[in-house]
Amino acid sequence: MISQQEQFSKARPLGSDLPSVVFAETRQHLNFQSKLFKTLKSRSQALGDRLQNEINLAFNTVAQYDSRVVVRIGKAAQKDNATMKTIALLTLIFLPGTFIAAIFGMGFFNFSMVDDNQLPKWSVSKDIWVYWAITVPVTGVTVLFWLLWEQTYGTKGSKPEF
């Protein structure tokens, strides 16, 4: 618009009834409007950049919160893992004895009443040593197998990455 106004000013006849003061004021007003538009454009770009920075801040804040939650979940999972290993070890200790007891049917104990006036009589078979002779070695072998398995394929020595 400014260049068109300058061309119009130069192309006007010398005896024109429009004074050159009007052309100068118009040019000054057009220059002011041009600078105002440039300023508004710069401000809108700065506002866009500021909004983008606020969006990035919100995203990073949410990402940090999520990271903290993941760390807490990881620590809870480690505690659960330790608990599960303890339960597995206890199961390995008691399972062989339970298995052997089921095989033999626990016929080593006898509960009998001699007559109605006396207390019941408990008796243990003299062959109860067979139960212990089989259960203790099988339990030891099972625990040893578990320890070897854990050492070979387990996660010992690896530290969690936090």
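Assorted remarks:
- Residue pairs whose Cβ atoms lie under 8 Å apart, separated by 6 or more positions or on different chains, with the first residue in the stretch 69-90 and touching a residue at least 60 places away in the same chain (Cβ under 8 Å) and the second exposed (fewer than 11 other Cβ atoms within 10 Å of the Cβ) and hydrophobic (A, V, I, L, M, F, W, C), are Val71/Phe162; Gly74/Phe162.
- Filtering the stretch 34-70 to residues that are under 30 Å from Ile2 (Cβ atoms) and of a type in the set (S, T, N, Q) leaves Ser34, Thr39, Ser42, Ser44, Gln45.
- Flag if Ser20 is at pLDDT 90 or above, among the small types (Gly, Ala, Ser) and surrounded by 10 or more Cβ atoms within 10 Å (Cβ to Cβ): no
- Restricting Thr26, Thr83, Thr39, Thr98 to residues that are touching a helix residue (DSSP H, G or I) at 6+ places or on another chain (Cβ under 8 Å) and surrounded by 10 or more Cβ atoms within 10 Å (Cβ to Cβ) narrows the list to Thr26.
The values are calculated or read from the model by the stated rules, or taken from the named source; none is laboratory data. What you see is a predicted model, and the numbers here were worked out from it, not measured in a lab. With ideal geometry, Cβ positions are generated from the backbone for all residues, glycine too; neighbour counts draw on all protein chains shown.
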